[in-house]
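All remarks here apply to the structure that follows.
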């Protein structure tokens, strides 16, 4: 089965701790994306990567970091510098240029207290 | 600006009716347009993509694109209660390597 997996589904952390969210895809897609969704709001782009070892900041990159060491994997670290980290985090992938459809993983719901 | 705007709703339609969802975008050079369905607590699911002016039909769904007026719409025929969800419009503006999303329209189909 081809698809995008995110783990864990739910994640609870104490304030001040860094946390890493996993995203893996076996669709052979070149591009991968991280979005954040807050209640009643649209998707906001955190980071994206079009090729291995390269990534770009999105609209709300502050307090987050990513790596792209393998085509299949694009983990997101939520650092203690992120002021309001509680949210629904969505990973997506697409074939790349020209930009066509993006497909989403099931998401990780992060709660920081 | 590369904004995508949708009426947040909620939009309520009776079962069996046609639901019409609209989206406008600001970047005239946008080339790719998508509709996603998102059930409460779940991730968005791609249901339609459209790239050229006109209509594109897929089962009960029809996407309509009018680049001159900068709007894209989604029609759902014979609406079912299972269609109750939030529908997100997404656009790929000129030169962008990512999609811009609207805030979504919440649809409720009443049995």
Name the strands (runs of 3 or more DSSP E) wholly inside the range A:41-113 in which the number of residues that are buried (at least 21 other Cβ atoms within 10 Å of the Cβ) is 1 or more. A:43-51, A:64-66, A:76-78, A:87-94, A:108-112
Can you tell me which residues in the range B:29-52 are exposed (fewer than 12 other Cβ atoms within 10 Å of the Cβ) and without any contact (Cβ under 8 Å) to a residue 60 or more places away in the chain? B:40, B:41, B:52
Which one of these is modelled with pLDDT of 95 or more, out of contact with any helix residue (DSSP H, G or I) (no Cβ under 8 Å at 6 or more places or on another chain) and within 25 Å of residue B:40 (Cβ to Cβ): A:88, A:74, A:55? A:88
Which of the residues belonging to the range A:62-113 are within 13 Å of another protein chain (Cβ to nearest Cβ) and free of Cβ contacts under 8 Å to residues at least 12 places away in the same chain? A:98, A:100, A:101
Would you call residue B:9 touching a residue at least 24 places away in the same chain (Cβ under 8 Å), more than 28 Å from residue A:34 (Cβ to Cβ) and not in a strand (DSSP E or B)? no
Here's a check for you: in the range B:99-111, which residue that is buried (at least 22 other Cβ atoms within 10 Å of the Cβ) and farther than 15 Å from residue B:7 by Cβ is nearest to the other protein chains (Cβ to nearest Cβ)? B:99
Filter the range B:2-16 for residues that are touching a strand residue (DSSP E or B) at 6+ places or on another chain (Cβ under 8 Å) and either within 14 Å of residue B:64 (Cβ to Cβ) or surrounded by fewer than 19 Cβ atoms within 10 Å (Cβ to Cβ) (or both) and give the result. B:2, B:3, B:5, B:7, B:8, B:9, B:10, B:11, B:12, B:13, B:14, B:15
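The values are calculated or read from the model by the stated rules, or taken from the named source; none is laboratory data. Here the structure is a predicted model, which is why all the values come from computation and not from measurement. Cβ sites come from the backbone with ideal geometry, for glycine too, and all protein chains shown count toward neighbours.
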